[in-house]
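Asks: Pasting a structure here, questions to come.
Throughout, read-outs are computed from the coordinates displayed, never taken from laboratory work. Just so we're clear, the structure is a prediction, and the values are computed from it rather than from any experiment. All Cβ positions, glycine included, derive from the backbone under ideal geometry; neighbour counts span all protein chains shown.
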Amino acid sequence: MNRRTFLHTSAAALGGLALGGCARENTDAAREASIPGHRLERIGLQLYTVRSLLEQDFAGTLEKVAAIGYKEVEFAGYYGHGPEDVKALLGRLGLDAPSTHVLLDALAPDALEATVTNAVAMGHRYVVMAWLAEDQRASLDDYRRHAEWFNRAGEACREAGLRFAYHNHDFEFMDLDGVRPYDLLLAETDPELVKMELDLYWITKAGADPLDYFERHPGRFPLCHVKDMAADGEMTEVGAGTIDFATLFAHASEAGLMHYFVEHDHPADPIASITASFAYLSKLTF
């Protein structure tokens, strides 16, 4: 199941509750996730990684995530659970949910208000645009239209005390008519309204350099997806691949990084995968 299908399926299970959300960024959550000892203070998990388990046992899976040591989670569907239930469960487990993923249709003019309203209800602080389907990114004009949508979404989020961000894959770094779409999105969105959630696997797989983007767009990247790339280019557990996370995280202040979400799109054993990734990150110094 790809991300688009998964998010649409989750939205249907909600019975009309728009995926999304993020409530006010409070002082505690605004602090950087790295501490003076140069270790990650709060490691998060993108719950798409354990989607098959959440479908079977929502509460039990979140309990396992918390028991491993994760402090933050990023949602990509709620499996029919409403805001009160979700917030109560997270509170009991000591988990924070700074952000959630949505699809482009959740940002449409007739859906944006509901997306923002439900974002506040869920208690998130960021609404993150998850991905663009192939038919939504055929031309640079498509990206320009999306940039306009993202600015409007960012303004609506700001008015509600939220923040909006865009999550990349690899296709945004592939030249289209001589232009890199990711650069177009950065240039044509307001940096005060539209932040970026940088997926460290996908940008690396595309052959681009995260440090270059941190330098050219300081403070634009408050969130990231922490996923590793094996020697053959496939996704693997964090620490088992080739990405130099220590060097990347050493530039957290420049990038504006505050939230680090482990993710693996297709783990053979989801719990074993997130356990291994957490074990590596919890010991990483930078």
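Asks: So, in nm, how far is label residue 89 from label residue 190 when the simple model puts each one 7 Å beyond its Cα toward the Cβ?
Replies: Simple spin-label model gives 3.6 nm for this pair.
Asks: Pulled fully out, how much extra length does the chain show between residue 41 and residue 265, if you take 0.36 nm times their separation in residues and subtract their Cα-Cα distance?
Replies: Numbers: separation 224, 0.36 × 224 = 80.64 nm, distance 2.40 nm.
Contour length minus the Cα-Cα distance gives 78.2 nm.
Asks: To continue, here is another question. Based on the alpha-carbon gyration tensor of region 237-278 and its eigenvalue square roots a ≥ b ≥ c, which shape applies: rounded if a/c is under 1.5, prolate if not and a/b is larger than b/c, or oblate? All intermediate terms of the calculation are to be shown ahead of the outcome.
Replies: Values: a/c = 3.07, a/b = 2.02, b/c = 1.52.
It comes out prolate by the Cα gyration axes.
Asks: Could you size up the charge dipole of region 3-283 around its Cα centre, putting +1 on the beta carbon of Lys and Arg and -1 on that of Asp and Glu, and report it in debye to the nearest 20?
Replies: 800
Asks: Given the pairs 227/283; 87/195; 64/87, which span a C-alpha to C-alpha distance of over 19 angstrom in this model?
Replies: As for pairs spanning more than 19 Å Cα to Cα, those are 87/195.
Asks: While we're looking at this one, here's another question. Please state, as a whole number in µm²/s, the translational diffusion coefficient that the Stokes-Einstein equation yields for region 82-154 at 25 °C and 0.890 mPa s, with Rh defined as the Kirkwood radius across alpha carbon pairs. Before the final figure, lay out each step's value.
Replies: Values: Rh = 13.6 Å.
Answer, rounded: 180 µm²/s.
Asks: In the chain, once you exclude exposed trypsin sites (Lys or Arg not before Pro) (DSSP loop, at most 15 other Cβ within 10 angstrom), what's the longest stretch remaining?
Replies: On the way: sites that count: 24, 31.
That gives 32-286 as the longest site-free run.
Asks: Quick one: Debye curve from the alpha-carbon atoms of the chain only, equal weights, vacuum; give me log10 I(q)/I(0) at q = 0.09, 0.16, 0.17 Å⁻¹ to two decimals.
Replies: These q points yield log10 I(q)/I(0) values of -0.37, -1.36, -1.57.
Asks: Let me ask something else about it. Need the full-extension length gain, residue 179 to residue 234, defined as separation in residues times 0.36 nm minus the C-alpha distance. One decimal, nm.
Replies: Numbers: separation 55, 0.36 × 55 = 19.80 nm, distance 2.61 nm.
Answer, rounded to one decimal: 17.2 nm.
Asks: With the crude spin-label approximation of a point 7 Å out along Cα→Cβ, what separation in nm comes out for residue 140 versus residue 152?
Replies: About 2.3 nm separates the two model spin labels.
Asks: If you don't mind, another one. Which ordering of 74, 159, 188 is given by a fewest-first count of other beta-carbon atoms within 10 Å?
Replies: Numbers: 74 27, 159 9, 188 15.
Arranged by neighbour count, lowest to highest, 74, 159, 188 become 159, 188, 74.
Asks: Could I ask something else about it? Name the residues whose placed amide hydrogens come within less than 5 Å of the amide hydrogen of residue 123, ignoring near sequence neighbours (fewer than 5 apart) on the same chain.
Replies: Amide H neighbours of residue 123, under 5 Å, 5+ apart: 23.
Asks: Right, another one. What's the extension gain from residue 272 to residue 242 if we count 0.36 nm per residue and subtract their Cα-Cα distance?
Replies: Values: separation 30, 0.36 × 30 = 10.80 nm, distance 1.95 nm.
Gain on stretching residue 272 to residue 242: 8.8 nm.
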